[in-house]
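Enquirer: Mind looking over this structure? Questions follow.
The values are calculated or read from the model by the stated rules, or taken from the named source; none is laboratory data. Computed from a predicted model, the values in this text were never measured in an experiment. Neighbour counts are summed over all protein chains in view; Cβ atoms, including those assigned to glycine, are modelled from backbone coordinates with ideal geometry. We work out accessible area using only protein heavy atoms, side chains counted, and drop any ligands, DNA or RNA first. Shrake-Rupley method; radii C 1.70, N 1.55, O 1.52, S 1.80 Å.
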Amino acid sequence: MDRLPAIPNGETGVDFDAIVIGAGVSGIYSLYRLRELGFKVRVFETGTDVGGTWYWNRYPGARFDSESWTYGYSFSPELLEEWDWEEHFAGQPETLRYLNHVVDKFDLRRDIQFKSRVAAAHYHEDTRSWQLTLEDGRRYTTRFLVTASGILSAPTMPLIPGVESFRGQSCHTHYWPKTPVKFEGKRVAVIGTGATAIQAITEIAKTVGHLTVFQRTAQWAAPLHNGKISKDEMDRIRANYPEIFARCQETYGCFIHATDPRSALEVTPEEREAFWEKLYSEPGFGIWMGNFRDILIDRQANALISDFIAHKIRQRVNDPVVAEKLVPKNHGFGTRRVPLESGYYEVYNQPNVELVDINQTPIERVTTTGIKTSDREYEFDIIIYATGFDAVTGSYDRIDIRGINGVRLKEKWKDGPKTYLGILIDGFPNLAMVMGPHAGLGNFPRAAEFSADWVTGLIRFAHERGLTRIEATAAGVADWTDHVIACSEGLLANEIDSWMTGVNRNVEGKNVRRIMRYSGGHPKFRERCEAVVADGYRELTLA
Ligand SMILES: Cc1cc2nc3c(=O)[nH]c(=O)nc-3n(C[C@H](O)[C@H](O)[C@H](O)COP(=O)(O)OP(=O)(O)OC[C@H]3O[C@@H](n4cnc5c(N)ncnc54)[C@H](O)[C@@H]3O)c2cc1C
């Protein structure tokens, strides 16, 4: 690859005022905001183009579960005016087109350097700057380092012997090939049954010769009810954008779905059933985010909604033995990320689809021709690994990030992330995370826009006062970390192994549950962040 010259900046002695890691939803918007400060900015991106999640995950059926018209950026009225969403829940190609449109519209591409994986980022106190080293050895310095490296961007492969020996085609859903994969007449295996697998399986089953699904953890999936958006409907959506975004600001997870204030236990069984039937028949995350207030914290309420969904699964799957395998037994509804589906359960009614429960017959190894379980050997043409991510902190762990005195971030976070508002870290001055661990989460762009606005607001504040060093205090980090832990108390999700509790059996050291997410809800998160600004950032050390 050509060696790009480092661009010296006469004023500051560093190559860039700010470097952003990642060109997904968060990085694209961070670049836009940082440029407004008149900064010299560069984005480093591993991929060959923009889009992040929507650049990488090209697997069949990839789409989001956020309503498209709540997922787009809200910052530009002109952008809202000119972009028409085609589907209520856009597929990956449409979202990637959208993000490319944004990048081109605001002429952002010229500051993004592709095929540039950041391998190391070291802070230098003497120059108050970060030195970044790319995988190929190129080095750059920057005053501010903004990480937008994603919470689901570090894919993991299962620790199964023999994976490299398979002679057919192997694909991880994250690294899906850019050219379409044909399934007609093929014997295909899918390992994994999370949200990604559920989308992929449903789509692949439409054309596959024979499909074998290897399941470790059954999921509580619910219908997506996607649909096309007509021109009239898009016009109505456009006219309602102010109300739509205002509503997203009010809800716990920045979705249009707001928690019902009632308890599942205070209504009659008939009312409860009718409400759940309604939610089950409606599009999107209402069944998860718009449900009774106690289904995710009260065991009895959770058992009732789990029974409701289990009944639906049993109704939809013809073979009672297969249906039973598909009903989760080790966690309640909503305590893991709820996958939304478009005919997933009916796939198992097809004669050419088989479900293998690997708790009963574990996979022993991948062979040259397929997969060997404790029970038998299967032959395949294609093996698909839908085995997810080293979530939330994985993209940070994969960079050698060192702060003051060479302290490694991975080491600091070995027992779980410790941050100030999910944005700053004591001992790591001038590093700001957009959508870092312990930040307010939710419908992503809604939360990412807020996060990037806050970060650039802080940098602007410092810059306007000639300050070149921003750091969280140790006390601030301890307070926020304690608060995040306190907020999560009582959530049934914390009793479950999942990426949301930092467990990934395919990653060394990730076998203990940790609090990875802030669960106080986005409105409270925003309130807290805004109070810090109103107080002139006095909680921080600025110099
Ligand atoms: C299949 C799937 C479905 C999803 N559905 C939804 C949904 O319905 N609603 C929702 O709100 N969210 C959803 N998400 C979450 C999704 O990740 C976010 O919506 C959003 O796209 C994240 O944007 P981001 O820019 O923060 O991170 P990403 O899109 O992950 O982008 C991070 C980028 O950083 C790059 N990067 C990482 N490390 C380095 C490095 N060391 N050097 C250089 N570049 C690096 C990566 O290559 C990547 O391109 C989904 C995620 C997945 C995987």
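Enquirer: Could you give the angle, 0 to 90 degrees to the nearest 10, between helix 195-204's Cα long axis and the longest principal axis of the Cα atoms of the chain?
Expert: Once rounded, the angle reads 50 degrees.
Enquirer: Ignoring ligands, DNA and RNA, what accessible area per residue does the range 35-133 give at 1.4 Å, in Å²?
Expert: 37 Å²
Enquirer: Read phi for every residue in the range 470-480 and hand back ³J(HN,Hα) as whole Hz from Karplus 6.51 cos²θ - 1.76 cosθ + 1.60, θ = phi - 60°, with x for Gly and Pro.
Expert: 10, 8, 7, 8, 4, 5, x, 5, 4, 4, 5
Enquirer: What does the accessible area per residue of the range 244-353 come to in Å², with a 1.4 Å probe and no ligands, DNA or RNA counted?
Expert: 45 Å²
Enquirer: So how far apart, in nm, are the two label points at residue 469 and residue 359 if each is 7 Å from Cα heading toward Cβ?
Expert: According to this spin-label approximation, the distance is 5.4 nm.
Enquirer: Normalise the Cα radius of gyration of the range 164-211 by 2.2 N^0.38 Å (N = residues in it) and let me know the number.
Expert: Working: Rg = 10.8 Å, N = 48, 2.2 N^0.38 = 9.6 Å.
That ratio works out to 1.12.
Enquirer: With each run of n ≥ 4 DSSP H residues scored as -39500 (n - 2.57), what mean residue ellipticity at 222 nm is computed for the chain after dividing by its residue count and rounding to the nearest 500 deg cm²/dmol?
Expert: Roughly -9000 deg cm²/dmol at 222 nm, from the helical runs in the chain.
Enquirer: Show which aspartates and glutamates lie in cross-link reach of residue 410 when reach means a straight Cα distance below 16 angstrom and same-chain residues fewer than eight apart are skipped.
Expert: Those aspartates and glutamates meeting the cut-off are 390, 397, 400, 426, 508.
Enquirer: Leaving out ligands and nucleic acids, note down the accessible area per residue over the range 140-238 with a 1.4 angstrom probe, in whole Å². Walk me through the numbers on the way to the answer.
Expert: Numbers: 3950 Å² over 99 residues.
Heavy-atom accessible area per residue stands at 40 Å².
Enquirer: Determine the gain in length on full extension of the stretch residue 76-residue 524; use 0.36 nm per residue of separation and subtract their C-alpha separation, reporting nm with one decimal.
Expert: Result: 158.8 nm gained on full extension.
Enquirer: Taking the Cα centre of the range 487-543 as the origin and placing charges on Cβ (Lys, Arg +1; Asp, Glu -1), which of 532, 519, 501 is farthest toward the positive end of the dipole?
Expert: Most positive-ward Cα: 501.
Enquirer: Quick one: pull the percentage of alpha-carbon pairs in the range 1-130 with a separation above 25 Å.
Expert: Above the 25 Å cut-off, the range 1-130 has 33 percent of its Cα pairs.
Enquirer: Let me ask something else about it. What spacing in nm lies between the two simple spin-label points modelled at residue 163 and residue 136, each 7 Å away from Cα in the Cβ direction?
Expert: Going from the residue 163 label point to the residue 136 one covers 2.6 nm.
Enquirer: Find how much the distance from residue 232 to residue 127 grows on full extension, using 0.36 nm per residue of separation minus their present alpha carbon separation; answer in nm with one decimal.
Expert: Full extension of this stretch gives 32.2 nm more.
Enquirer: Using only the Cα atoms of the range 398-474, what semi-axes does the equivalent ellipsoid have when each is the square root of 5 times a gyration tensor eigenvalue? Give whole Å, largest first.
Expert: Those come to 20, 19, 9 Å.
Enquirer: Please list, ordered by chain and number, the residues whose modelled amide H lies under 5 Å from the amide H of residue 341; skip anything fewer than 5 residues away on the same chain.
Expert: Under 5 Å from the amide H of residue 341 lie the amide H atoms of 222, 224, each far enough along the sequence or on another chain.
Enquirer: Carbon and sulfur: what percent of the chain's accessible surface (1.4 Å probe)?
Expert: Taking all protein chains in place, the chain shows 50 percent carbon and sulfur surface.
Enquirer: When DSSP assigns beta bridges and you keep just the ones with both residues in the chain, what percent turn out antiparallel, to the nearest 5?
Expert: Working: 25 of 63 bridges.
Around 40 percent of the beta bridges assigned by DSSP in the chain are antiparallel ones.
Enquirer: Taking 0.36 nm per residue of sequence separation and subtracting the Cα-Cα distance, how much length would be gained by fully extending the chain between residue 207 and residue 178, in nm to one decimal?
Expert: Numbers: separation 29, 0.36 × 29 = 10.44 nm, distance 1.88 nm.
Result: 8.6 nm gained on full extension.
Enquirer: For residue 246 and residue 84, what is the calculated FRET efficiency with R₀ set at 30 Å and r taken between the beta-carbons, to the nearest 0.05?
Expert: The computed FRET efficiency comes out at 0.90.
Enquirer: Then there is this: Students often check this: by mean Cβ neighbours within 10 Å, which of 480-492, 207-219 ranks highest, and how do the rest follow? Display every interim value, and only then the final one.
Expert: On the way: 480-492: 16.2, 207-219: 20.4.
Sorting 480-492, 207-219 by mean packing, highest first, produces 207-219, 480-492.
Enquirer: Quick one: which of 510-519, 50-59, 121-130 comes out on top by average Cβ neighbours within 10 Å, and what's the full order, highest first?
Expert: Top of the packing list down: 50-59, 510-519, 121-130.
Enquirer: From the square roots a ≥ b ≥ c of the eigenvalues of the alpha-carbon gyration tensor of the range 329-432, which class results: rounded (a/c under 1.5), prolate (a/b over b/c), or oblate? Walk me through the numbers on the way to the answer.
Expert: Working: a/c = 3.24, a/b = 2.10, b/c = 1.54.
Judged from the Cα gyration tensor, the range 329-432 comes out prolate (a/c at least 1.5, a/b above b/c).
Enquirer: Under a no-solvent Debye model with one identical scatterer per Cα of the chain, what's log10 I(q)/I(0) at q = 0.08, 0.11, 0.12 Å⁻¹?
Expert: -0.53, -1.03, -1.23
Enquirer: How many angstrom separate the Cα center of the range 129-198 from the Cα center of the range 457-515?
Expert: 24 Å
Enquirer: Which value, in debye to the nearest 20, gives the size of the charge dipole of the range 105-187 about its Cα centre, when Lys and Arg are +1 and Asp and Glu are -1 at the Cβ?
Expert: Working: 14 positive and 8 negative charges, 86 e Å.
Using Cβ point charges on Lys, Arg, Asp and Glu, the range 105-187 gives about 420 debye.
Enquirer: If you place +1 on the Cβ of every Lys and Arg, -1 on the Cβ of every Asp and Glu, and leave all else neutral, what size is the dipole of the chain about its Cα centre, to the nearest 20 Debye? Present the calculation step by step, with values, prior to reporting the outcome.
Expert: Working: 64 positive and 72 negative charges, 260 e Å.
That gives a dipole near 1240 debye.
Enquirer: Around residue 229, with a cut-off of 14 angstrom between Cβ atoms, what is the net charge of the other residues, counting Lys and Arg +1 and Asp and Glu -1?
Expert: Net charge in that neighbourhood comes out at -3.
Enquirer: Rank by packing, highest mean first: peptides 529-535, 15-21, with packing defined as the count of other Cβ atoms within 10 Å averaged across residues.
Expert: My ranking of the peptides, most packed first, is 15-21, 529-535.
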